[in-house]
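Trainee: One structure coming up, written as structure tokens, with questions to follow.
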Amino acid sequence: MRKPVVALLGRPNVGKSTLFNRMVGKKISIIEDTPGVTRDRIYGTVQFQDYSFHLIDTGGIDLSDAHFNDSIKMQAELAIDEADYILFVVDGKEGLTTNDFAVRDMLLKAKKKVIVVVNKMDSKLAKDHIYDFYELGLDDYMFVSGEQNEGIYDLLEELTKEFPKIEEEYDDGTIKFCVIGRPNVGKSSLVNALVGEERVIVSDVAGTTRDAIDTTFRYHDHDYVVIDTAGMRKKGKVYESVEKYSLLRSLKAIDRSDVCLIVLNAEEGVIEHDKHIAGYALDAGKAVILVVNKWDTVEEKDTEMKKMKELLKYEFQFITYAPVVFLSAKTKKRIHTLMPEILKVYENSRREVKTSVLNDVIRDAYELNLPPSYKGKRLKIYFSNQVSTQPPTFNIQVNSKGLVHFSYERYLENKLREAFDFEGTPIVIQFKNKGEQ
């Protein structure tokens, strides 16, 4: 399913990052009083009632400072181009400026759905400016305080009321997987090798694939959709116009997928940005496979494979459960080893554990290693049950979730992985106080 994309735009220091954090529910954007702190687009996913959408926070548009603002203006133009809806944020405390009208002119040319969000309405000064904002000549206005969390619910309600009804693109049994990674690691070549056709343009020039491309195929009685994506570049380069928002489109591909193939280049080893890309898949709760491509370029394959496995275990400590596949998309050597892994991690991500068996495993783990006491209190576990899949998610009822140490949570996760095959998929453990829903 395709989620709508919403962009926050406005001049510097009107509170876009605070609004972003309120809507996403996490402190992702850097908040500082210095105008222009948010220099890169920040991406998040907002869940509201039955709706979900992508949210982009952009750098403030300051046309009075042309030298500093060139890249940010380009970011804003790309955000407008990609977004389905725009939240035009203005400062209720300061009132309108010439910069606000300049941003308004950019939005009018775009012909996108725009809601003017008058922020900082908790200020007494804001009441004096309230009618001035209608001078912008736009149709929809919402008055909020991101700082005080006032009007955010009403804003989300107004925004989502026009969202289209989202329908599934493919049948339930279709396994969707995406191919993600830095530019030029061989993603498009891998897609072509899997489907057996030259459906995706393959080139030695990094960034040839500009958008996510769906390819359907059938393999051993299962229907698959592979989503090839534009290579993810580092943030500092992502605003370049040639990228055409490849990062956001890759994030959308991750969102639509059941399994993510994180493609690495055997010639280059692991680069820091590879880990960032894997982090996007982890944040989305997706099953993952590490695919080491261009394995044909390696001489001492047996020795190097052992070394690479150790390196990957060290570099990707946050996804040690991810299987590793070594192959060459170019020569198709070992390509046959990939599809069985995709099917396996997909099935593991949908694994359901019987409540009685789950409680036996958790109780045995607890008795084997009692949690340490804290200020005379010790964590007690009463009952466990699985509440969802993709990723497998477990509720554990305890006497006080404040007594749960992260190391003990990790211990319980390891015990679950020992007892059940969750290779390739993250698992989520949610501790609840007794009686808590």
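The values are calculated or read from the model by the stated rules, or taken from the named source; none is laboratory data. All values reported here derive from a predicted model rather than from experimental measurement. Note that each Cβ is placed from the backbone with ideal geometry, even for glycine, and that neighbours are counted across all protein chains shown. Heads up: the accessible areas ignore ligands, DNA and RNA and are worked out on the full protein's heavy atoms, side chains in. Shrake-Rupley method; radii C 1.70, N 1.55, O 1.52, S 1.80 Å.
Trainee: Distance in nm between label sites at residue 405 and residue 434, each 7 Å beyond Cα in the beta-carbon direction?
Mentor: Going from the residue 405 label point to the residue 434 one covers 2.3 nm.
Trainee: Accessible area of segment 286-371 with a 1.4 Å probe: how many percent of it is carbon plus sulfur?
Mentor: Here it works out to 49 percent.
Trainee: Using a simple spin-label model with points 7 Å from Cα along the Cα→Cβ vector, what separation in nm is obtained for residue 313 and residue 268?
Mentor: 2.6 nm
Trainee: Looking only at segment 236-384, where both bridge partners belong to it, what percent of the DSSP beta bridges are antiparallel (to the nearest 5)? Present the calculation step by step, with values, prior to reporting the outcome.
Mentor: Details: 2 of 12 bridges.
Around 15 percent antiparallel, to the nearest 5.
Trainee: Label-point separation (nm) for residue 299 and residue 102, each offset 7 Å from Cα along Cα-to-Cβ?
Mentor: 5.8 nm
Trainee: Would you tally the net charge around residue 344, using a Cβ to Cβ cut-off of less than 10 Å, leaving residue 344 out, and scoring K and R as +1, D and E as -1?
Mentor: Taking every Cβ under 10 Å from that of residue 344, the sum is -4.
Trainee: Moving on. In the neighborhood of residue 222, defined by Cβ-to-Cβ distances under 15 Å, what is the net charge if each Lys or Arg adds +1 and each Asp or Glu adds -1?
Mentor: Around residue 222, the surrounding residues sum to -3.
Trainee: At a Förster radius of 25 Å, what calculated FRET efficiency corresponds to the Cβ-Cβ distance of residue 306 and residue 184, to the nearest 0.05?
Mentor: Working: r = 26 Å, r/R0 = 1.05.
It comes out at approximately 0.45.
Trainee: Another question, if that's okay. At a Förster distance of 56 Å, what's the computed FRET efficiency of residue 276 paired with residue 368, Cβ-Cβ distance as r, to 0.05?
Mentor: Calculated transfer efficiency: 0.95.
Trainee: Order of 374-384, 9-19 by packing, highest average Cβ count within 10 Å first?
Mentor: 9-19, 374-384
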